[in-house]
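> Please read through the structure below; I'll follow up with questions.
Every number in this text was worked out from the coordinates using simple rules, so none of it is lab data. These numbers come from a predicted model, not from an experiment. We place every Cβ from the backbone using ideal geometry, glycine too, and count neighbours over all the protein chains shown.
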Amino acid sequence: MGNTNLVNELQSSAERDDVLTVLRKARRLASKLGVNEIDEWLKAEQNGYAEGQDVPSYRKVKGVLVFNSNGPIPVGMGMTGNGIMDYPGGYSADRVAADPMSGIVAHIEDLLSKKMGIYEQLADNGLCNRFRKTLHPYFAHQVTFMFKLNTAQIKAIPDAVKDKILDWACELERRGVRGDDMTFNDNERLLAHSITFNISNSQIEQLNNMGNNVKGKLNG
C-alpha cells in the first residue's frame, strides 16, 4: 500500500485487526486531525450510545417478542412449556443495539461458543401489561417479556464499523491526507475537515469549496 503513514496504517488495520483495535487507532487519528464530530461517533461505538443519542442504521435490529415463563406452565393453560418461549400470535419491532462495542463483541462470542440467543428484557410498562393480558391469568403474572434480537444483524455490526472507518481512511488518502512521520500538517487538517461523512449510509461527499474549514457531519 505504499510508504507507511498514519492513514495507510489505519487502512491496513481496518482490513486486518479486530474492531476494538481499529476503533482505538481511528480515534487516535481523528484526534490528531481534530475532526471532533467523527471522534464523537467513534467514542459512541467504543462506550455505547446514550439515551436520546442518534444511532446509526446498522445498530437498529429486528426483535421478536418472547417470554420467560419462569417456571413450568401447567396443562390446561392454553399452552405448555418451561423457560423462554415465543409469544403466541407473534410480535416484532425494531430495537436499538446501543451497547459498547466490547459488549457487542461479547454477545457475538457467546453466540459462537454457547449457541445462545441475544435478548433484551422489556421494562414492566404499559406495553408489557398489554401482552400480559393476552396470556392465561394463572401464570401471566410470573412471566417476563423480552425481545430476541436478530443475531445476523448483531454479528454484522463490527464489520459495518470497520467498513465505515476504512471508507473514511480511503477518502483521506484520496484527498492527500497521509500523516507522514506520524503527524499531519495544517493543510492535511484543513482537507480532513472538508470531508462530509454520513455515517448511516457510508456516503462520503467532497465539498465544493475546498478552502472552507467545514467540519464533517455525522448523521445518525
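> Find how much the distance from Arg24 to Ile84 grows on full extension, using 0.36 nm per residue of separation minus their present alpha carbon separation; answer in nm with one decimal.
Contour length minus the Cα-Cα distance gives 17.8 nm.
> Specify the residue with the greatest mean-square fluctuation among Leu65, Leu29, Leu122, computed from a Gaussian network of the chain linking alpha-carbon atoms under 10 Å apart.
Leu122
> Sort the following peptides by mean Cβ neighbour count (other Cβ atoms within 10 Å, averaged over residues), highest first: 104-117, 35-48. Intermediate values should be presented prior to the final figure.
Working: 104-117: 13.5, 35-48: 19.3.
Result, highest mean Cβ count within 10 Å first: 35-48, 104-117.
> Students often get this wrong, so check it: of Lys32/Lys114; Lys43/Lys114; Lys114/Lys162, which have C-alpha atoms separated by over 31 Å? Numbers along the way, then the final one.
Working: Lys32/Lys114 41 Å; Lys43/Lys114 29 Å; Lys114/Lys162 25 Å.
Going by Cα-Cα distance, Lys32/Lys114 fall outside the 31 Å limit.
> Using Stokes-Einstein with the Kirkwood hydrodynamic radius over Cα pairs, what translational diffusion coefficient do you get for the range 57-154 at 25 °C and a viscosity of 0.890 mPa s, in µm²/s rounded to a whole number? List each step's numbers first, then the result.
Numbers: Rh = 14.5 Å.
Translational D for this selection: 169 µm²/s.
> Hey, in the GNM for the chain with a 10 angstrom Cα cutoff, which one of Val55, Val143, Val64 fluctuates hardest?
Val143
> Please list, in order, the residues from the range 38-58 whose amide nitrogen is less than 20 Å from a point placed 7 Å along the Cα→Cβ vector of Glu109.
Inside the label zone: 45-49.
> Could I ask something else about it? Which value in nm describes the separation of the simple spin-label points at Asn70 and Cys128, placed 7 Å from the Cα toward the beta carbon?
0.9 nm
> Counting only helical runs of four or more DSSP H residues, what would the 222 nm mean residue ellipticity of the chain come to if each run contributes -39,500 (n - 2.57) and the total is spread over all its residues? Don't skip to the answer; put the middle values down first.
Details: 8 runs with 95 residues, N = 220.
-13500 deg cm²/dmol, from helical runs alone.
> Can I ask one more? For the chain, how big is Rg over Rh, using alpha carbon atoms and the Kirkwood form of Rh?
Working: Rg = 22.6 Å, Rh = 19.9 Å.
Here the Rg-to-Rh quotient is 1.14.
> Can you list the residues, at least 5 places off or on another chain, whose amide H is less than 5 Å from the amide H of Thr196, using H built in the peptide plane?
It is Glu205, Leu207, by chain and number.
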